[in-house]
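S.K.: Have a look at this one.
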Amino acid sequence: MEKYKLYSPKVIKELLQNHGFRFSKSLGQNFLIDGNIIDKICDGAKITEKDNILEIGPGIGTLTQELCNRADKVVAIEIDKRLIPILEDTLSPYDNLDIINDDILNIDLIGLVKNRFHNSEVKVVANLPYYITTPIIIKLLEDRVKLDSIVVMVQKEVAQRMNASPGGKDYGALSVAVQYYCEPEIIVNVPKTVFMPMPNVDSAVIALKVHRSPRVSVDDEVLFFKIVKTAFGKRRKTLSNSLSTGGLGIEKKDIVRILEKLNIDPKRRAETLDIEDFAKITKEIYNQYY
Ligand code: SAM
């Protein structure tokens, strides 16, 4: 079903020239030019012919083409309206694809899954625009769409943060948020050279397998994430200092009392706590103050 190999730099240059297209740096437009990496992304997502795929930022359709080859149905959301006629051209052979010209951050994802995928489970697969990687991941997880997994190319450093365990410098609020909802696995590290134009940073493909229910149970998710953010907000401070000065409205002596009750040393820093520790603190604060 392939019209041509869209990842070929020669084909991309010709296409862009014919359509008078110039890359937008501010929209994070770094297009893939390596077929092996496209295969690794699709293999990482374990795509089968029964799968529903949501792609964010199809660009000129390089990854989209392989998604359409492998999956049952693909919906691709592209913000840049200049790319729509190009996509309609490059992907014209495929009848299992819907292209939507919109901003992923403004989309009603629950409605989209209902209307375009008959409410069945979806796999997100994308080479994400790096300027909004974290907001996109958080939206996908917090909107509680029926997701099987998210397999995305992101900046290497962001992949390491999502995958980090307690104790290291990469571990932070993003690690806890992602691991609350998902099991992360870095599929492959990717050099700058597989993109056109070449970005300044290295990349990685990460797979986030979404848990059936969150990894820990908390009475109040909003409070849980507020505590995590507050604890890491001043990551060099001890827990008793960060949690008593970060807007939770609880005095230091009470934070110390709560932590000691839970056998958590108030002098510890947020980066030493695992997700279960954060859940225990949330439970205790919830019981005492809410
Ligand atoms: N998938 C293509 C590839 O791998 O060659 C392009 C990936 S490029 C890194 C990111 C794409 O996301 C661009 O096409 C860009 O226009 C699009 N994009 C940027 N911000 C977006 C947003 N808020 N919503 C949807 N698409 C967006």
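The values are calculated or read from the model by the stated rules, or taken from the named source; none is laboratory data. Source: prediction; values computed, not measured. Cβ coordinates were reconstructed from backbone atoms using ideal geometry, including for glycine residues, and neighbour counts include every protein chain displayed.
S.K.: Name the residues in region 61-97 that are among the hydroxyl-bearing types (Ser, Thr, Tyr) and within 20 Å of the chain's Cα centre (by Cα), would you?
M.R.: Passing the criteria: THR62, THR64.
S.K.: Taking the residues in region 98-139 that are among the acidic types (Asp, Glu) and more than 16 Å from the chain's Cα centre (by Cα) as candidates, determine which candidate is farthest from GLU157 (Cα to Cα).
M.R.: ASP98
S.K.: While we're on this one: What tally of residues in region 178-227 results from selecting those that are in a loop (DSSP other than H, G, I, E, B) and within 19 Å of PRO135 (Cβ to Cβ)?
M.R.: 2
S.K.: Of the numbered conditions (1) modelled with pLDDT of 95 or more; (2) in a helix (DSSP H, G or I); (3) closer than 30 Å to HIS118 by Cα, VAL154 fails exactly one; give the number of that condition.
M.R.: (2) is the only condition that VAL154 fails.
S.K.: Just name the residue that is surrounded by the fewest Cβ atoms within 10 Å (Cβ to Cβ) out of those in region 35-57 that are under 17 Å from the mean Cα position of the chain (by Cα) and small (Gly, Ala, Ser).
M.R.: The selected residue is GLY44.
S.K.: Please specify each residue of region 90-142 satisfying the condition of being within 12 Å of the ligand (Cβ to nearest atom), in contact (Cβ under 8 Å) with a residue 60 or more places away in the chain and surrounded by fewer than 18 Cβ atoms within 10 Å (Cβ to Cβ).
M.R.: Of everything in region 90-142, those that are within 12 Å of the ligand (Cβ to nearest atom), in contact (Cβ under 8 Å) with a residue 60 or more places away in the chain and surrounded by fewer than 18 Cβ atoms within 10 Å (Cβ to Cβ) turn out to be TYR130, TYR131.
S.K.: Listed residues THR48, THR64; which is of a type in the set (S, T, N, Q) and assigned to a helix (DSSP H, G or I)?
M.R.: Of THR48, THR64, the one residue that is of a type in the set (S, T, N, Q) and assigned to a helix (DSSP H, G or I) is THR64.
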